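Enquirer: Once you've had a glance at the structure underneath, I'll fire off some questions.
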Amino acid sequence: MFTEKIIKELSGYKTPFYYYDLTLLQRTLDAVKTESTKYNYHVHYAFKANTNPEIIKVISKTSLGADCVSGNEVKCAVENGFDVSKIVFAGVGKSDEEINYALDQNIFCFNCESLQELDVMNELAAIKNKVAAIALRINPNVDAHTHKYITTGLEENKFGINPYEFETVIEKLKQLPNLKLIGLHFHIGSQITDLGPYKKLCLRVNEINRFFLNKGYDLPVINVGGGIGINYHEPDKENILDFATYFKVFHDFIELRKNQELHFELGRAIVGQCGNLVSKVLYIKNGINTNFAILDAGMTELIRPALYQAYHKIENLTSSSKSIIKYDVVGPICESSDCFGKAVELAETKRGDLVVLRSAGAYGEVMSSRYNLRDEVRSYFSE
Ligand code: LLP
């Protein structure tokens with residue numbers, strides 16, 4: 001994707017910055033739409049992955065709903081014209097203020113994560129004389145086999161309601177007239193690259209769906225969350241996820257009744273590959289065993305490698321050298337974890353070269369910080 005023309009254009013911008021390919025974003029959105037409509041599936045964009053205004057503007061023009069995890073994300077969705085009847089609001093710790101705001105907007109559904117939250121939600125809805133539509137976020141105890149910080153569907157995780165609590169929830173709901181249970185919600189983790197855990201999830205969903213039906217709850221909404229991973233190692237080989245295969249797993253394994261809709265919450269798979277972090281090499285520091293390429297971007301711009309030991313492909317965009325050298329590619333922040341990659345093979349690199357960290361569109365800019373009083377990271381866009 002980095003043609004001579006683009007590299008020349010990028011050389012004119014002040015580094016570091018995020019560079020987004022809006023054409024790729026649009027093509028990804030088109031693929032999601034084509035493949036999900038085959039089965040009438042409902043897809044919500046997970047705002048947490050990227051809330052850059054230009055990205056949100058592009059996504060708002062599609063028919064996608066919004067998956068939000070804070071009052072401000074709900075506000076961002078509303079203000080950008082997302083249909084309120086397609087906004088879902090999840091989170092283990094929704095504040096009263098956030099719940100009240102979302103109740104005022106009449107959003108589609110609150111994904112409730114604990115028995116305690118049900119009480120609070122009912123109380124706040126009652127004050128407004130409203131009935132809140134809710135789905136129970138269920139912890140299905142399915143191992144997503146991903147990094148421990150981004151696995152969410154195990155008993156040990158803080159998310160969701162556990163099956164041993166179902167009877168209590170059902171009893172409780174009978175006493176909460178300002179809540180209407182419309183669905184079941186699941187999300188087992190993020191950056192899941194094997195479809196096996198999703199098959200397991202489908203089977204668990206079928207069991208739980210049957211359990212609730214037997215208890216008299218014929219629920220119209222089944223929401224299986226998101227989490228499908230992208231190819232960080234070869235972004236050019238697979239810059240748009242194989243959504244056909246992904247959705248087909250659910251089509252093949254989930255048993256929906258005629259009146260039931262299937263919902264998804266996709267973040268990374270939509271925005272991951274369209275974003276790149278572009279940085280300039282400040283110094284090449286040669287040690288006895290290790291060469292360091294010190295960039296002007298660090299963990300303040302992209303925290304994923306420091307936080308999850310995540311891999312992002314690193315490329316030197318401007319070196320024309322034929323010799324390949326190993327570098328520890330690091331940032332300028334005063335933390336040893338501020339390292340993007342160890343022994344990374346790059347074309348011989350010198351001060352002033354432009355380096356790109358690929359596949360940084362999801363959980364990149366949105367997790368940036370101003371630690372060390374760094375400037376806010378900029379962004380530029382290709383049409
Ligand atoms: N639904 C729920 C309830 C979630 O918690 C998440 C992500 C998603 C949907 C969207 O997941 P996705 O399709 O984007 O995988 N910062 C981490 C990822 C955290 C994901 C949190 N939840 C990272 O950089 O890898």
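The values are calculated or read from the model by the stated rules, or taken from the named source; none is laboratory data. Worth saying up front: this structure is predicted, and the values here are computed from it rather than measured. Using ideal geometry, Cβ is built from the backbone for each residue, glycine included, and neighbour counts are taken over all protein chains shown. Just the protein is used for accessible areas: all its heavy atoms, side chains included, with ligands, DNA and RNA removed. Shrake-Rupley method; radii C 1.70, N 1.55, O 1.52, S 1.80 Å.
Enquirer: Give me the pairs, please: first residue somewhere in segment 294-312 and farther than 13 Å from D375 by Cα, second residue anywhere and modelled with pLDDT under 95 and within 10 Å of the ligand (Cβ to nearest atom), beta-carbon distance under 8 Å, and either six or more positions apart or on two chains.
Expert: Filtered contacts from segment 294-312: L307/Y149; Y308/H147; Y308/Y149; Y308/I150; Q309/H147; A310/H147.
Enquirer: I want to confirm something. Restricting to segment 313-325 and keeping residues that are open to solvent by 40 Å² or more (accessible area, probe 1.4 Å) and touching a residue at least 40 places away in the same chain (Cβ under 8 Å), which single residue is farthest from the ligand (Cβ to nearest atom)?
Expert: Restricting to residues being open to solvent by 40 Å² or more (accessible area, probe 1.4 Å) and touching a residue at least 40 places away in the same chain (Cβ under 8 Å), the top hit is T318.
Enquirer: In contact with a helix residue (DSSP H, G or I) (Cβ under 6 Å, 6 or more places away or on another chain), more than 24 Å from V58 (Cβ to Cβ) and not small (G, A, S), is that true of L373?
Expert: no
Enquirer: Same structure, new question: Just the residues that are open to solvent by 40 Å² or more (accessible area, probe 1.4 Å), touching a Pro at 6+ places or on another chain (Cβ under 8 Å) and away from the ligand (no atom under 16 Å from the Cβ), please, taken from segment 280-312.
Expert: Answer for segment 280-312, where residues must be open to solvent by 40 Å² or more (accessible area, probe 1.4 Å), touching a Pro at 6+ places or on another chain (Cβ under 8 Å) and away from the ligand (no atom under 16 Å from the Cβ): K280, L282.
Enquirer: Return a yes/no flag: does segment 266-278 have any residue that is surrounded by 15 or more Cβ atoms within 10 Å (Cβ to Cβ), in contact with a helix residue (DSSP H, G or I) (Cβ under 6 Å, 6 or more places away or on another chain) and among the basic types (K, R).
Expert: Looking for residues that are surrounded by 15 or more Cβ atoms within 10 Å (Cβ to Cβ), in contact with a helix residue (DSSP H, G or I) (Cβ under 6 Å, 6 or more places away or on another chain) and among the basic types (K, R), one finds at least one in segment 266-278, hence yes.
Enquirer: Something else about it: May I ask you to list pairs of residues, at least six apart or on different chains, whose Cβ atoms are under 8 Å apart, with the first in segment 65-80 being more than 25 Å from N40 (Cβ to Cβ) and the second being buried (at least 20 other Cβ atoms within 10 Å of the Cβ) and modelled with pLDDT under 95?
Expert: Matching pairs, first to second residue: V69/G91; S70/G91.
Enquirer: Then there's this: Pick from segment 326-366 the residues that are in contact (Cβ under 8 Å) with a residue 12 or more places away in the chain and open to solvent by 60 Å² or more (accessible area, probe 1.4 Å): which of them is nearest to Q309 (Cα to Cα)?
Expert: Taking the candidates together, the pick is K342.
Enquirer: Being in contact with a helix residue (DSSP H, G or I) (Cβ under 8 Å, 6 or more places away or on another chain), within 16 Å of the ligand (Cβ to nearest atom) and within 16 Å of N162 (Cβ to Cβ) is the filter here; which residues of segment 180-221 pass it?
Expert: L184, F186, I188
Enquirer: Also, I was wondering about something else. Give me the pairs: first residue in segment 179-205 and outside the structural domain of G364 (by TED's automatic domain parsing), second residue among the small types (G, A, S) and away from the ligand (no atom under 16 Å from the Cβ), beta-carbon distance under 8 Å, and six or more apart or on different chains, which are they?
Expert: L179/A125; L179/A132; K180/A132; K180/A133; I182/A133
Enquirer: Which condition breaks for I87 when tested against (1) open to solvent by 10 Å² or more (accessible area, probe 1.4 Å); (2) without any contact (Cβ under 8 Å) to a residue 60 or more places away in the chain; (3) β-branched (V, I, T)?
Expert: With (1) open to solvent by 10 Å² or more (accessible area, probe 1.4 Å); (2) without any contact (Cβ under 8 Å) to a residue 60 or more places away in the chain; (3) β-branched (V, I, T) applied to I87, the lone miss is (1).
Enquirer: Against the definition (exposed (fewer than 14 other Cβ atoms within 10 Å of the Cβ) and not hydrophobic (A, V, I, L, M, F, W, C)), how does K199 come out, yes or no?
Expert: It is false that K199 is exposed (fewer than 14 other Cβ atoms within 10 Å of the Cβ) and not hydrophobic (A, V, I, L, M, F, W, C).
Enquirer: Now for a different question. What number goes with the only condition from (1) modelled with pLDDT of 95 or more; (2) out of contact with any Ser or Thr (no Cβ under 7 Å at 6 or more places or on another chain) that E156 does not pass?
Expert: (1)
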